[in-house]
1. Listed residues PRO98, PRO93; which is touching a helix residue (DSSP H, G or I) at 6+ places or on another chain (Cβ under 7 Å), of a type outside the set (Val, Ile, Thr), in a loop (DSSP other than H, G, I, E, B) and at pLDDT 95 or above?
2. Output the number of the condition that VAL34 fails; it satisfies all remaining conditions of (1) without any contact (Cβ under 8 Å) to a residue 24 or more places away in the chain; (2) among the hydrophobic types (A, V, I, L, M, F, W, C); (3) open to solvent by 40 Å² or more (accessible area, probe 1.4 Å).
3. Anything in the stretch 115-137 that is open to solvent by 10 Å² or more (accessible area, probe 1.4 Å), within 15 Å of GLY103 (Cβ to Cβ) and not hydrophobic (A, V, I, L, M, F, W, C)? List them, or say none.
4. State all residues of the stretch 37-52 that are more than 25 Å from PRO98 (Cα to Cα), touching a helix residue (DSSP H, G or I) at 6+ places or on another chain (Cβ under 9 Å) and open to solvent by less than 50 Å² (accessible area, probe 1.4 Å); if no residue qualifies, say none.
5. Conditions: (1) over 25 Å from VAL152 (Cα atoms); (2) among the basic types (Lys, Arg); (3) within 21 Å of the chain's Cα centre (by Cα). LYS79 meets all but one. Number of the miss?
6. Looking at (1) open to solvent by 50 Å² or more (accessible area, probe 1.4 Å); (2) of a type in the set (A, V, I, L, M); (3) touching a residue at least 60 places away in the same chain (Cβ under 8 Å), which one does ILE5 not meet, given that it meets all the others?
7. Determine if the stretch 60-83 includes at least one residue that is in contact (Cβ under 8 Å) with a residue 60 or more places away in the chain, surrounded by fewer than 16 Cβ atoms within 10 Å (Cβ to Cβ) and not in a loop (DSSP other than H, G, I, E, B).
8. Would you point out which residue out of GLY84, GLY111 is under 26 Å from LEU33 (Cβ atoms) and in contact with an Asp or Glu (Cβ under 6 Å, 6 or more places away or on another chain)?
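The values are calculated or read from the model by the stated rules, or taken from the named source; none is laboratory data. Please read all numbers here as calculations on a predicted model, not as lab measurements. Neighbour counts are summed over all protein chains in view; Cβ atoms, including those assigned to glycine, are modelled from backbone coordinates with ideal geometry. With ligands, DNA and RNA removed, areas are computed over all heavy atoms of the protein, side chains included. Shrake-Rupley method; radii C 1.70, N 1.55, O 1.52, S 1.80 Å.
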Amino acid sequence: MASDIAIFGAGGFGRETAFMIRQINDVKPVWNLVGFYDDALPIGSEVAGLKILGGLTKLNAASEKISLVVAVADPLARKRIVHGITNDNIDFPVLTHPHNFLGDDTTNQFGRGCIIAAGNILTINIHLEEFVIINLACTIGHDVTIGSFSTVMPGSNISGNVSIGESTLIGSGACVLQNVTIGNNCKIGAGAVVIKGSREGVTLVGVPATERL
C-alpha cells in the first residue's frame, strides 16, 4: 500500500520533486502524493494539479502520520523550515530518483530528508548528512562528506576525499577537485573550479575559484 507524502515548497524544485515522485511510482507504487505545503500560497489553491494544504502552522497541527519532503533548494531557507517543524507525526524519507547510480550501498550513507534527483553517479564511502539536495546529473567521488542542508546544483562534479560543510550551495556546473575542504555556509558560483579549501561563510567564483569580496 502506498504511503501518504507531501511536499513543502511549491516552487520550481517542488514541482520537479512532484514529477520525481510520479516517476518513482511508475517503477513501483510507493507514494500517494497528497499535495503541497507552502506559506506563500493560499490554502486550497492548486499548483501542478496538486492542492496547497497550508503552511507551517497547518503542518504542525496535522494529527495523522505523513511523510514530508522539503523541496526548497536554498540551504538556509530549507534549514529554517525543518527547524520550524515540531510535529512528531512527520517523518522525512530519503527520496531518490530511479534513474541514478547510487554506488556502494554498504558504504554510502544518506541522512533523513535527502533528495537525490535524476542522472546522478555516486561511487563509494559517501556520506550525505540530513536534508542534502543533489540536483540533476552530478557526480560524487569516493570518500566525500556533504553537511546537512547543503545543495549541489545540476551538473556539478565533486572529486574524491572532499568535505563540504553544512548549509553550503554549490552552483550549477561547478567542480570541486580532490582533497578539498569547504566550510559551512559557503557559496560556490556556477562553473567555478575549486582547487583549494575555504573557510566558513565565503563565496567562491571563477576558474580557479577565488573569494569574492
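1. Numbers: PRO93 fails: touching a helix residue (DSSP H, G or I) at 6+ places or on another chain (Cβ under 7 Å).
Every option except PRO98 fails the conditions.
2. Of everything listed in (1) without any contact (Cβ under 8 Å) to a residue 24 or more places away in the chain; (2) among the hydrophobic types (A, V, I, L, M, F, W, C); (3) open to solvent by 40 Å² or more (accessible area, probe 1.4 Å), VAL34 misses just condition (1).
3. GLY119, THR123, ASN125, HIS127
4. The first filter runs over the stretch 37-52 and keeps only residues more than 25 Å from PRO98 (Cα to Cα), leaving 38-46, 51-52.
Then keep just the ones that are touching a helix residue (DSSP H, G or I) at 6+ places or on another chain (Cβ under 9 Å); that gives 38-39, 43.
Matches in the stretch 37-52: ASP38 only.
5. (1)
6. (1)
7. yes
8. Details: GLY84 fails: in contact with an Asp or Glu (Cβ under 6 Å, 6 or more places away or on another chain).
On inspection, the qualifying residue turns out to be GLY111.
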